[in-house]
Amino acid sequence: MVWDYFIVGQGLAGSVLSYKLIKHDLKVLVFDDPVLPKSSTVAAGIYNPFTGRKLVKTWMAEQLFPYLLKFYKDLEEELSVQLLYNIPMYRPFLSLEEQNEWSARLFEDGYSQFIERLLNPQEALPQVVNPLGGMMLKRSGFVDIRALIRGVTNFLEQRNALRSERFLYRKLQISKDRVLYNGHSARKLIFCEGPSLSNNKFFGWLPMTPVKGEILELALQEPLAYIVNRGVFVLPVSNSLCRVGSTFDNQDLSWDVTAKAKIQLLQKLDKLIRIPYRVVGHSAGVRPASLDRRPFIGLHPKYEPLGVFNGLGTKGVSLTPYFAQEFFNFLERGKPLIRDVTISRYFFLYYNKI
Ligand SMILES: Cc1cc2nc3c(=O)[nH]c(=O)nc-3n(C[C@H](O)[C@H](O)[C@H](O)COP(=O)(O)OP(=O)(O)OC[C@H]3O[C@@H](n4cnc5c(N)ncnc54)[C@H](O)[C@@H]3O)c2cc1C
């Protein structure tokens with residue numbers, strides 16, 4: 001059979017990219033190995049315009065956020081399943097300096113659109129440890145990534161466009177403008193293998209720095225109406241359930257949960273919220289992070305039919321929709337990718353290796 005694209009991997013990256021290509025009337029065949037773990041099904045799915053300990057504005061927030069909100073809303077309609085949960089995010093202040101800093105930012109262009117309001121100490125929230133008050137952010141929330149992947153799986157299956165199997169590099173034949181695999185041929189093959197990229201025969205030279213993360217699931221004794229974020233996040237996913245995470249570990253890259261991470265999360269949690277809880281779940285995964293914390297997108301320097309869409313790191317939910325569209329524009333309309341994301345920024349590593 002003849003296809004436009006093969007996609008390898010159906011985590012968040014492969015799901016969104018294959019969906020986009022199909023919506024543009026391209027013929028797509030996706031390979032996904034259900035035995036391999038998925039970073040996407042462990043992730044909390046939070047999107048948040050601010051990032052890091054110092055809470056700086058996320059890279060490209062102005063472009064990414066309007067795009068992601070519309071994209072997931074449209075996808076919800078297409079798949080008939082709720083994916084997007086807009087939930088404000090509360091961040092307690094730790095010092096008066098911080099309070100002053102954010103009071104000033106309230107009037108800065110680029111920041112004000114993401115801040116709902118500042119709460120002074122008299123307005124401190126009873127469920128949170130926040131003696132100095134804090135700030136409530138808007139345009140935050142979470143995407144139910146598991147529901148998204150299930151929905152896209154059905155979407156692909158209805159089109160006979162999914163093979164639940166391991167893609168084997170040794171069976172691949174590459175010519176100048178096509179690839180051949182098991183009797184199927186395609187114009188392009190895009191690898192969306194998440195953390196398995198390091199083992200990829202063609203793109204293993206890209207500088208991946210995977211980071212393990214662990215998350216707890218808690219039954220709460222009372223509902224929480226916002227995400228709380230300081231040291232750890234507490235994400236309400238229903239009236240009685242929330243997720244707490246995540247740890248960062250770049251030494252142990254196994255997918256096993258650890259007692260150490262659980263203790264670390266609970267210690268931080270106890271300094272953050274006052275609601276009684278019970279731990280009901282614990283999971284671990286590996287984030288496909290790149291060395292410079294920017295996505296890996298583009299075509300192979302030697303084998304032009306081969307491409308990659310990876311390196312989404314800690315921010316898959318916010319980066320994937322926008323950059324899947326940019327990748328489509330590059331592949332089908334010849335629009336160049338921006339320097340920060342194109343893998344050509346690392347071609348020197350490939351040429352040094354061969
Ligand atoms: C603990 C934790 C918390 C996180 N929290 C957030 C968060 O709150 N917000 C956020 O935006 N991001 C978060 N992330 C990051 C997010 O999970 C990733 O950015 C995103 O899910 C990466 O998706 P992916 O499709 O690239 O990789 P994956 O989801 O890992 O998918 C890769 C897929 O490729 C398949 N595959 C690989 N090799 C082959 C092969 N040879 N043949 C067939 N199939 C293959 C695998 O089976 C898998 O299905 C978190 C991650 C972790 C671990």
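The values are calculated or read from the model by the stated rules, or taken from the named source; none is laboratory data. No experiment lies behind these values; they were computed from the predicted model shown. Neighbour counts are summed over all protein chains in view; Cβ atoms, including those assigned to glycine, are modelled from backbone coordinates with ideal geometry. Each accessible area value is taken on the protein alone, full model and side chains, heavy atoms only, with ligands, DNA and RNA left out. Shrake-Rupley method; radii C 1.70, N 1.55, O 1.52, S 1.80 Å.
Residue by residue, the range 253-268 carries 3J(HN,Hα) couplings of 10, 7, 9, 8, 6, 10, 5, 4, 5, 4, 4, 4, 5, 5, 5, 5 Hz when phi is fed to the Karplus relation 6.51 cos²θ - 1.76 cosθ + 1.60 (θ = phi - 60°); x denotes Gly or Pro.
Net length available on complete extension from L36 to L241 is 71.1 nm, with 0.36 nm assigned per residue and the Cα-Cα distance removed.
How far, in degrees from 0 to 90, does helix 96-105 lean away from the longest principal axis of the Cα atoms of the chain, to the nearest 10? It works out to around 60 degrees. Charge tally for E98 (other residues, Cβ to Cβ under 14 Å; Lys, Arg +1; Asp, Glu -1): +3. Using Cβ point charges alone (K and R +1, D and E -1), the dipole size of the range 209-306 about the Cα centre works out to roughly 240 debye. Positive contributions from Lys and Arg (+1) and negative ones from Asp and Glu (-1), summed over other residues with Cβ under 14 Å from the Cβ of G133, come out at -2.
Could you tell me how many degrees, from 0 to 90 and to the nearest 10, lie between the Cα long axis of helix 12-23 and the main elongation axis, the longest principal axis, of the Cα atoms of the chain? The answer is roughly 60 degrees. Compute the acute angle (0 to 90°) between the alpha-carbon long axis of helix 61-79 and the principal axis of greatest extent of the alpha-carbon atoms of the chain; round to the nearest 10°. Roughly 70 degrees, rounded to the nearest 10. With a threshold of 28 Å on the Cα-Cα distance, the over-threshold entries among K188/K315; K212/K302; K212/K271; K23/K315 are K212/K302. The reciprocal of the average 1/r between distinct C-alpha atoms defines the Kirkwood hydrodynamic radius, which for the range 1-45 equals 11.3 Å. Between R178 and Q251, the simple spin-label model (points 7 angstrom out along Cα→Cβ) gives 5.2 nm. Taking 0.36 nm per residue of sequence separation and removing the Cα-Cα distance, the N352/E332 pair yields an extension gain of 4.2 nm. As I understand it, the dipole of the range 211-287 uses +1 on the Cβ of Lys and Arg and -1 on the Cβ of Asp and Glu, about the Cα centre. Which of V244, N229, A284 lies farthest toward its positive end? Of the options given, the answer is N229. Of the GluC sites (Glu not before Pro) found in the range 76-168, those that fall in a DSSP loop while having at most 12 other beta-carbon atoms within 10 Å are E108, E165. Annotation: H282 carries an accessible surface of approximately 60 Å², with a 1.4 Å probe and no ligand, DNA or RNA atoms counted. Each Lys and Arg adds +1 at its Cβ and each Asp and Glu adds -1 at its Cβ; summed about the Cα centre, the chain shows a dipole of about 800 debye.
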